[in-house]
Structures are given as C-alpha cells and as structure tokens.
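The values are calculated or read from the model by the stated rules, or taken from the named source; none is laboratory data. In this text the structure is predicted, and so the values were computed from the model without any measurement. When we count neighbours, we look across all protein chains shown, and the Cβ atoms used for this are built from the backbone with ideal geometry, even at glycine. For accessibility, only protein heavy atoms count, side chains too; no ligands or nucleic acids. Shrake-Rupley method; radii C 1.70, N 1.55, O 1.52, S 1.80 Å.
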Amino acid sequence: MKKITVMQECECCGITFPAIYYENGSIDYSDACNCESDFHPVSGQPSISEWLENRKEQ
C-alpha cells in the first residue's frame with residue numbers, strides 16, 4: 001500500500017507533527033498535541049484529498 005508522510009500543524013497551539021497518509025484514505029499520526037483541535041498540512045504539503053486525487057491521476 002502506498003503512503004506518504006506529511007507534516008501537519010495544529011490550528012490551536014501551532015505544534016507540527018508528522019502524519020502518514022495511506023492510499024485507502026486512512027491517516028496515522030504520532031507526536032500530536034492534546035488540543036483536540038483541527039490540524040492542516042504545513043505550507044506546501046498536500047492534504048490527504050489532494051494526495052489521493054493525484055494518486056488517481058498517475
């Protein structure tokens with residue numbers, strides 16, 4: 001199964017942490033904060049939906 005590691009940033013505290021996207025649509029992450037807030041890819045990194053769409057086009 002294809003996967004990619006993308007750095008994420010917490011929208012509450014700003015901490016960055018790695019997330020692994022899998023081609024089945026799941027995401028694994030560790031070293032995340034405990035804010036229970038939303039997070040987004042660090043600038044220049046794809047979101048999981050962007051990455052999956054690019055995988056389909058290849």
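Scanning the stretch 4-38 for residues that are among the small types (G, A, S), more than 18 Å from W51 (Cβ to Cβ) and without any contact (Cβ under 8 Å) to a residue 12 or more places away in the chain yields one hit, G14. Contact map, the stretch 41-58: first residue within 18 Å of D28 (Cβ to Cβ), second residue open to solvent by 70 Å² or more (accessible area, probe 1.4 Å), Cβ cut-off under 8 Å, separation 6 or more or different chains; pairs are P41/M7; V42/M7; V42/T16; Q45/M7; P46/N54; L52/E23; R55/K2; R55/E23.
Of the residues making up the stretch 11-33, those that are more than 23 Å from K56 (Cβ to Cβ), part of a strand (DSSP E or B) and open to solvent by less than 70 Å² (accessible area, probe 1.4 Å) are F17, P18.
Filtering the stretch 34-51 to residues that are part of a loop (DSSP other than H, G, I, E, B), open to solvent by 40 Å² or more (accessible area, probe 1.4 Å) and not acidic (D, E) leaves N34, C35, S37, V42, S43, G44, Q45. Kindly indicate whether Q8 is of a type in the set (S, T, N, Q) and open to solvent by less than 40 Å² (accessible area, probe 1.4 Å). Yes.
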